[in-house]
Amino acid sequence: MGIGVRCIMVLAAMAVFIAGGAWGQAPKSVGELAKYSRADREKMLYDGAKKEGKVVWYTSLVPSKDIAKIFEAKYPGVTVDVYRAGGIELTNKALAEHKARRHIADTIEATPGALMTLRDEQFFAPYHSPHLKNYPDSAKEKAKNGLIYWTTDRESYVGLAYNKNAVKGLELPKKFDDLLKPALKGKMAISNDESSARQFGAMVWSKSDGFIRKLKDQEVTLHGASGPGFNQLIVSGEVALSFVGFSTNVAHAAKNGSPVAWHALDLAVANAGGVGVSANATHPHAALLLVDFLISPDGQKMFNETFAYGSGAKNYGFEKFYPEKGLTTEEYADRVEKWMRLMKEVTRK
């Protein structure tokens, strides 16, 4: 065999070795993909996502289908299959499938109560994202080795919501203490749900149980409607003001011309949504690509400008309060139950 032929064979073998080595370094499992931190992360995830073709997204977000269309426009060739439900229904479905080893959901976006339950059942793959540097620790649920289980991708804040026409002549509360002013007796209402209980948790943390019991003299009305339904009562003027109004709902109504406004009190309870990826994702590249998009600057701009959500990465000039932070699932459930009892003690139907 001539020297030239041997050189060609050696070079060919080296090329195969190098190619094989490069391929061997490529992430293969969900766990490996989730940790991938090289500069080509987005390209690598998008290339893989196009081969997978879609991502199955479980979420409690109301505008989820509109968000899916924005993602699909940014990443052509990747379809988002959306399943939307409330936190309890979503958790039960995802958990039942997980225990039955039916790996359907790729990415989960929901409120902390749902995410905490799934975390405790080892549902999530801890992940890295280049966008995590933009977020404070309060917006990240930490796992081991610098990874996280989920990142807060959107927030709506609980504070004072009111109908401008219905509160004319009233001095509006600026802090919790102001809720006890005699002029507000019989004029306030709240919704009968966990979000209201969380606001009571903020008052317990900031003030005391005793402060909350003083609210009984204010004849606060308890309504069965919650979320957007309760906001409509404020829009119509049936409810003049509420200290459990959502900033996002009020912003949407105001944008449509309704005479409503919102501001924070001592603390603004953050009703946050976080996004994580299944440890058994069937479409792992697409799952992580969607996670990265939602917490990216472009994703956060979308949440804020298009859907009026706040960002866990921004300071809005008021103190945010995360009632579930640092608690186990059981501790949080116990506290919510306590706050619900307090709420029902001091309100009237």
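Testing Leu327 on (1) surrounded by 21 or more Cβ atoms within 10 Å (Cβ to Cβ); (2) over 15 Å from the mean Cα position of the chain (by Cα); (3) closer than 22 Å to Arg198 by Cβ, one condition comes back false. Which one is that?
Leu327 satisfies all of (1) surrounded by 21 or more Cβ atoms within 10 Å (Cβ to Cβ); (2) over 15 Å from the mean Cα position of the chain (by Cα); (3) closer than 22 Å to Arg198 by Cβ except (1).
Residue check: is Phe303 modelled with pLDDT of 90 or more, among the aromatic types (Phe, Trp, Tyr) and touching a Ser or Thr at 6+ places or on another chain (Cβ under 8 Å)? Lay out the reasoning, then the answer.
Working: modelled with pLDDT of 90 or more: yes; among the aromatic types (Phe, Trp, Tyr): yes; touching a Ser or Thr at 6+ places or on another chain (Cβ under 8 Å): yes.
In short, yes.
If you go through the stretch 76-112, how many residues are assigned to a helix (DSSP H, G or I) and not acidic (Asp, Glu)?
Looking only at that region, the number is 12.
Does Met203 qualify as being surrounded by 17 or more Cβ atoms within 10 Å (Cβ to Cβ) and under 28 Å from Ile88 (Cα atoms)? First the steps, then the outcome.
Values: surrounded by 17 or more Cβ atoms within 10 Å (Cβ to Cβ): yes; under 28 Å from Ile88 (Cα atoms): yes.
The answer is yes for Met203.
Please specify each residue of the stretch 37-72 satisfying the condition of being more than 23 Å from Asn249 (Cβ to Cβ), touching a residue at least 60 places away in the same chain (Cβ under 8 Å) and either surrounded by fewer than 16 Cβ atoms within 10 Å (Cβ to Cβ) or charged (D, E, K, R) (or both).
Answer for the stretch 37-72, where residues must be more than 23 Å from Asn249 (Cβ to Cβ), touching a residue at least 60 places away in the same chain (Cβ under 8 Å) and either surrounded by fewer than 16 Cβ atoms within 10 Å (Cβ to Cβ) or charged (D, E, K, R) (or both): Ser37, Arg41, Glu42, Asp47, Lys51, Glu52, Gly53, Lys54.
Residues in the stretch 50-58: is at least one at pLDDT 95 or above, assigned by TED's automatic domain parsing to the domain that holds Tyr127, in contact with a Lys or Arg (Cβ under 7 Å, 6 or more places away or on another chain) and over 20 Å from Phe303 (Cβ atoms)?
No, the stretch 50-58 contains no residue that is at pLDDT 95 or above, assigned by TED's automatic domain parsing to the domain that holds Tyr127, in contact with a Lys or Arg (Cβ under 7 Å, 6 or more places away or on another chain) and over 20 Å from Phe303 (Cβ atoms).
Only one of Pro297, Pro323, Pro284 is in contact (Cβ under 8 Å) with a residue 24 or more places away in the chain, within 30 Å of Glu219 (Cβ to Cβ) and not assigned by TED's automatic domain parsing to the domain that holds Leu172; which?
Numbers: Pro297 fails: within 30 Å of Glu219 (Cβ to Cβ); Pro284 fails: within 30 Å of Glu219 (Cβ to Cβ).
The match here is Pro323.
Which number in (1) assigned to a loop (DSSP other than H, G, I, E, B); (2) at pLDDT below 95 marks the one condition that Thr117 misses?
Of (1) assigned to a loop (DSSP other than H, G, I, E, B); (2) at pLDDT below 95, only one is false for Thr117: (1).
Identify, please: which residue in the stretch 273-310 is under 23 Å from His252 (Cα atoms) and of a type in the set (D, E, K, R) and is, among those, surrounded by the fewest Cβ atoms within 10 Å (Cβ to Cβ)?
That would be Glu305.
Quick check on Ala189: is it surrounded by 15 or more Cβ atoms within 10 Å (Cβ to Cβ) and outside any helix (DSSP H, G or I)?
Criteria met by Ala189.
I need the full set of residues from the stretch 120-129 which are surrounded by fewer than 20 Cβ atoms within 10 Å (Cβ to Cβ) and within 23 Å of Arg101 (Cα to Cα), in order please. I'd like the intermediate steps shown before the answer.
Pass one, the stretch 120-129, residues surrounded by fewer than 20 Cβ atoms within 10 Å (Cβ to Cβ): 120-122, 128.
Within the stretch 120-129, Asp120, Glu121, Gln122 meet the criteria.
Across the stretch 213-234, which residue is nearest to Asn271 (Cα to Cα) among those that are in contact (Cβ under 8 Å) with a residue 60 or more places away in the chain and buried (at least 20 other Cβ atoms within 10 Å of the Cβ)?
Asn231
Based on this model, can you work out whether Gly276 counts as free of Cβ contacts under 8 Å to residues at least 40 places away in the same chain and small (Gly, Ala, Ser)?
Here the answer is no, as Gly276 does not meet what is asked.
Just one of (1) in a loop (DSSP other than H, G, I, E, B); (2) more than 14 Å from the chain's Cα centre (by Cα); (3) touching a residue at least 40 places away in the same chain (Cβ under 8 Å) trips up Lys314, so point out which.
Here Lys314 clears every test but (3).
Looking only at the stretch 122-150, filter to residues that are assigned to a helix (DSSP H, G or I) and among the aliphatic types (A, V, I, L, M); which one of those is modelled with the lowest pLDDT?
So in the stretch 122-150, the residues assigned to a helix (DSSP H, G or I) come out as 132-134, 137-139.
Those left that are additionally among the aliphatic types (A, V, I, L, M): 132, 139.
Numbers: Leu132: 96, Ala139: 91.
Per the stated criteria, the residue is Ala139.
A quick yes/no check of all residues on (1) modelled with pLDDT under 95; (2) outside any loop (DSSP other than H, G, I, E, B); (3) among the hydroxyl-bearing types (Ser, Thr, Tyr):
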residue: Pro228; (1), (2), (3): yes, yes, no
residue: Leu233; (1), (2), (3): no, yes, no
residue: Glu238; (1), (2), (3): no, no, no
residue: Ser242; (1), (2), (3): no, yes, yes
residue: Val250; (1), (2), (3): no, yes, no
residue: Ala254; (1), (2), (3): no, yes, no
residue: Gly257; (1), (2), (3): no, no, no
residue: Trp262; (1), (2), (3): no, yes, no
residue: Leu265; (1), (2), (3): no, no, no
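Restricting the search to the stretch 162-204, which residues are under 22 Å from Pro112 (Cβ atoms) and hydrophobic (A, V, I, L, M, F, W, C)?
So in the stretch 162-204, the residues under 22 Å from Pro112 (Cβ atoms) come out as 190-204.
Matches in the stretch 162-204: Ile190, Ala197, Phe200, Ala202, Met203, Val204.
Within the stretch 130-149, can one find any residue that is touching a residue at least 60 places away in the same chain (Cβ under 8 Å), over 16 Å from the mean Cα position of the chain (by Cα) and surrounded by 21 or more Cβ atoms within 10 Å (Cβ to Cβ)?
No: the stretch 130-149 contains no residue that is touching a residue at least 60 places away in the same chain (Cβ under 8 Å), over 16 Å from the mean Cα position of the chain (by Cα) and surrounded by 21 or more Cβ atoms within 10 Å (Cβ to Cβ).
Step by step: first the residues of the stretch 151-186, then only those that are of a type in the set (Phe, Trp, Tyr) and assigned to a strand (DSSP E or B), then the one that is nearest to Ser311 (Cα to Cα). Which residue is that?
The extreme case among them is Tyr157.
The values are calculated or read from the model by the stated rules, or taken from the named source; none is laboratory data. What you see is a predicted model; the values in this text were computed from it and never measured. Please note: Cβ atoms are built from the backbone with ideal geometry, for glycine as well, and neighbour counts cover all protein chains shown.
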